[in-house]
Amino acid sequence: MRSAARQALTLRAAPPRSPELAQRGDLLWIEAQYLQPDPNQPRKQFDDGTLGELAASLSDIGVLTPLRVRPADGNGRHTITDGERRWRAGQQAGIVEFPCLVEAADQDTAFFEAYLANLHRDALAPVDAAVGLQHIRETFGLVGDDEVAAKLNKSVGWVRQMNAVLGLDPDARQTLQTRGEPVAVAVGLRPQSREERKATLDAIADLPNRDAKVAFIGRVNDGVRAGLPIEEAIANVRGAQKPASDAVQAPSDRRRNSSGRPTRLTLPFTWRLIDPGIQVPEISPSALATTRLAGRRTASFEEWLQAVRADIVSFRDSCADVADSGPSWDEMVKALAEVLGLLNTAPRAAGQVGEPALAALQDEGRC
């Protein structure tokens, strides 16, 4: 009797039931204590901050979307197949009963449906998505990447990215999961050994964004392929990232020995020999940092400036790698100087930007 009274008081304090849900005859209102998460739920990571936001919302309006559950087991508990996040947040909000749709789906089908639901609303971390994909591949006997892609309505390229995540060692996967690293970082780490991945992950921990981390890993991989130990490869990349004001040195001092360094078509700038002693630069647009911004919905002004600077510095470094390429860098400085010089003929606000930008570019050429 006391338990029923306590429950009644709790229900009065909880948000009201949605009128639409209250009238539905196919729902069961199940107490939170008789619900349990699915141990095979593809989503393992729940952000505490967003859970708190959802709990605040549920405390005001209640649960509007029913949970999907399997029939009760021998202990009277229903396993949640879709809606575990609502269940977790609802308990924080003091909700003791949840609207549920009971579906007698088998475990494999329930997993697949839950995986798809989380996947297509971008609710899965890369590691969770990769592990779930492997489970689906084995459960449904899917062989090729194209079969998996068709089953999940995803691209073959995405499936191969998940394969790269699965190819990492458990320690690397755990670090990616804990830090919330993007899948592109996992793809970049794939060629490295276990020890190299640990060193690289430590090195990129403080980098500001995805593009900076991917670029850093790419250059480290170049150094490792050229035969450098991982510590030296990381040190070289860190040294190349120092601002020009930190160390002023002649272009000849900055040149790196290209002997044994493989040429990759994915480098932003490569050089082609057209005559003995004459080389011309070629540009791979897809490898430019500014091009990668096009794949994002929005970018901050600082990120755009960083991408522009990264492309200019990449061209400067490529000039330093090739003998007698100084004129190409001089042409770059001259061309950009003319563009920035036009700002002096614009309205006053724009003209105030032109001179500092031009001076900075000229300083870049002298470093």
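The values are calculated or read from the model by the stated rules, or taken from the named source; none is laboratory data. Since the model is a prediction, treat every value here as computed from it, not as a measurement. Cβ: placed from backbone, ideal geometry, glycine included. Neighbour counts: every protein chain shown.
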**OP:** Could you please find all residues in the range 78-92 being closer than 18 Å to Asp60 by Cβ and polar (S, T, N, Q)?
**Re:** Gln91, Gln92
Original post:
What do you reckon, is Phe112 free of Cβ contacts under 8 Å to residues at least 40 places away in the same chain and among the aromatic types (Phe, Trp, Tyr)?
Top reply: yes
Original post:
Does Gly94 satisfy being farther than 22 Å from Leu201 by Cβ and part of a helix (DSSP H, G or I)?
Top reply: no
Original post:
Any idea which residue in the range 265-289 is modelled with the lowest pLDDT, counting only those that are more than 18 Å from Val308 (Cα to Cα) and outside any strand (DSSP E or B)?
Top reply: Leu265
Original post:
Are any residues in the range 24-76 modelled with pLDDT of 80 or more, closer than 19 Å to Leu124 by Cβ and not in a helix (DSSP H, G or I), and if so, which ones?
Top reply: Pro37, Asp38, Thr65, Leu67, Arg68
Subject >> Among (1) buried (at least 16 other Cβ atoms within 10 Å of the Cβ); (2) over 15 Å from Arg210 (Cα atoms) - the single one Asp330 does not satisfy >> reply: (1)
Subject >> Unique residue being at pLDDT 90 or above and more than 18 Å from the chain's Cα centre (by Cα) when the list is Ile217, Ile230 >> reply: Ile230
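Condition check ((1) of a type outside the set (D, E, K, R); (2) buried (at least 16 other Cβ atoms within 10 Å of the Cβ)) across all residues:
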site	(1), (2)
Gly52	yes, no
Leu58	yes, yes
Thr65	yes, no
Pro71	yes, no
Thr81	yes, yes
Glu84	no, yes
Trp87	yes, yes
Ala93	yes, yes
Glu103	no, no
Original post:
Can you name the number of the only condition in (1) assigned to a helix (DSSP H, G or I); (2) at pLDDT below 80; (3) surrounded by fewer than 15 Cβ atoms within 10 Å (Cβ to Cβ) that Asp324 fails?
Top reply: (1)
**OP:** List every residue pair whose Cβ atoms lie under 9 Å apart, where the two residues are 6 or more positions apart in sequence or sit on different chains, the first residue falls within the range 61-87 and is under 21 Å from Asp48 (Cα atoms), and the second residue, located anywhere, is assigned to a strand (DSSP E or B) and among the hydroxyl-bearing types (Ser, Thr, Tyr).
**Re:** Leu67/Thr81
Subject >> Residue that is modelled with the highest pLDDT [pool: residues in the range 105-134 that are over 22 Å from the mean Cα position of the chain (by Cα) and assigned to a helix (DSSP H, G or I)] >> reply: Phe112
**OP:** Report, by residue number, each residue of the range 68-94 that is touching a Pro at 6+ places or on another chain (Cβ under 7 Å) and among the hydrophobic types (A, V, I, L, M, F, W, C).
**Re:** Ile80
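A quick yes/no check of all residues on (1) more than 18 Å from Phe46 (Cβ to Cβ); (2) assigned by TED's automatic domain parsing to the domain that holds Glu53:
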position	(1), (2)
Gly76	yes, yes
Arg86	no, yes
Gln91	no, yes
Pro126	no, no
Glu138	yes, no
Val143	yes, no
Val148	yes, no
Lys151	yes, no
Original post:
Looking at the range 73-83, which of its residues are under 16 Å from Leu28 (Cα atoms) and either touching a helix residue (DSSP H, G or I) at 6+ places or on another chain (Cβ under 7 Å) or not small (Gly, Ala, Ser) (or both)?
Top reply: Asp73, Gly76, Arg77, His78, Thr79, Ile80, Thr81, Asp82
